[in-house]
Amino acid sequence: MCLNRKDLGLLALRSAVGGVLIAHGTQKLFGWFGGGGLDATAEAMEHMGFHPGRRSALAAGLGEAGGGALLVAGLATPAAGAVVAGTMAGAVAVHAPAGFFMTSGGYEYPAFLGATGLALGLAGPGRYSLDHWSGHAFDRPWVGVLAFVASAAGACGVVARRRHVVRLQEERAVVESESQEGSGLS
């Protein structure tokens with residue numbers, strides 16, 4: 001068997017990105033690697049405008065850990081890439097108000113992970129993968145189209161819902177602030 005540079009590169013990229021996603025997802029789900037676990041993540045998700053928080057935390061953790069594991073294995077790669085891209089769209093929505101660069105809390109990092117997941121889902125896993133070993137049973141064009149359509153629709157729905165919740169929270173804060181100013185408690 002002759003090693004192929006392109007396939008080795010895809011394996012390295014899948015492993016690196018998938019490994020990072022697994023680590024982040026297990027922080028959310030189990031508290032591993034210094035993470036808060038599901039309860040703390042659920043509380044944080046509620047604070048960020050994702051309601052209900054526990055379901056949102058579970059979805060984010062599974063999207064990262066599950067999508068990352070599938071990327072590492074090179075299994076159902078179009079679906080894995082779609083899950084990663086969709087999950088990172090939610091993270092981008094949270095970080096977008098801080099601008100692009102990560103140094104100011106921006107969306108650079110989740111956008112990079114999402115774009116990499118998207119690219120891997122489109123490019124395929126290469127021959128050093130479970131998809132290749134299985135005869136590409138889960139790496140069919142229709143799987144990719146269906147997965148990316150479902151992921152995009154889900155991400156749009158989640159981001160729109162969050163945007164609505166955040167707007168309501170901001171309006172409520174303004175009303176409470178005005179009522180405190182009017183009562184002489186400022």
Seminar exercise, completed: Largest fluctuation, MET45, MET88, MET102 only, Gaussian network model of the chain with Cα springs under 10 angstrom, belongs to MET102
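Can you send over the carbon and sulfur percentage of the accessible area for the chain, probe radius 1.4 Å, protein chains only? Before the final figure, lay out the partial values.
Values: 7030 of 10440 Å².
Of all accessible area on the chain, carbon and sulfur atoms account for 67 percent.
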Problem set entry | GNM result for the chain, Cα springs below 10 Å: residue of GLY124, GLY99, GLY61 fluctuating most strongly | GLY99
Seminar exercise, completed: Mean Cβ-within-10 Å packing, highest first, puts peptides 112-123, 75-86, 8-19 in the order 75-86, 112-123, 8-19
Exercise. Thinking of the stretch 111-167 as a set of Cα atoms, what percent of all their pairs are more than 12 Å apart?
Worked result: 73
Exercise. What is the Cα radius of gyration of the stretch 12-102 over 2.2 N^0.38 Å, N being its residue count?
Worked result: 1.06
Problem set entry | Dipole of the chain, positive end: most advanced residue of ALA119, ALA89, PRO52 [Cβ charges, Cα centre] | ALA119
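Would you mind working out the accessible area per residue for the chain, using a 1.4 Å probe, and quoting it in Å²?
Details: 10440 Å² over 186 residues.
Result: 56 Å² per residue.
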Exercise. Where nothing but the Cβ of Lys and Arg (+1) and of Asp and Glu (-1) is charged, how large is the charge dipole of the chain around its Cα centre, in debye to the nearest 20?
Worked result: 700
Exercise. So what are the chain's ellipsoid semi-axes, whole angstrom, largest first, if each one is the square root of 5 times an eigenvalue of the alpha-carbon gyration tensor?
Worked result: 38, 16, 14
Problem set entry | Vicinal HN-Hα couplings computed from phi for the stretch 110-126 (Karplus, 6.51 cos²θ - 1.76 cosθ + 1.60; Hz; Gly/Pro x) | x, 5, 5, 4, x, 5, 5, x, 4, 4, 5, x, 6, 6, x, x, x
Problem set entry | Taking N as its residue count, the alpha carbon Rg of the stretch 54-163 over 2.2 N^0.38 Å | 1.08
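Counting pairs of alpha carbon atoms under 8 Å apart in space and at least six apart in sequence, what relative contact order in percent does the chain give?
Numbers: 285 pairs, mean separation 41.3, N = 186.
Once normalised by length, the contact order is 22 percent.
The values are calculated or read from the model by the stated rules, or taken from the named source; none is laboratory data. Note that the structure is predicted; figures quoted are calculated from it, not measured. So basically every Cβ, Gly included, is an ideal-geometry build from the backbone, and we count neighbours across all protein chains shown. All accessible areas refer to the heavy atoms of the entire protein, side chains included, with ligands and DNA or RNA removed. Shrake-Rupley method; radii C 1.70, N 1.55, O 1.52, S 1.80 Å.
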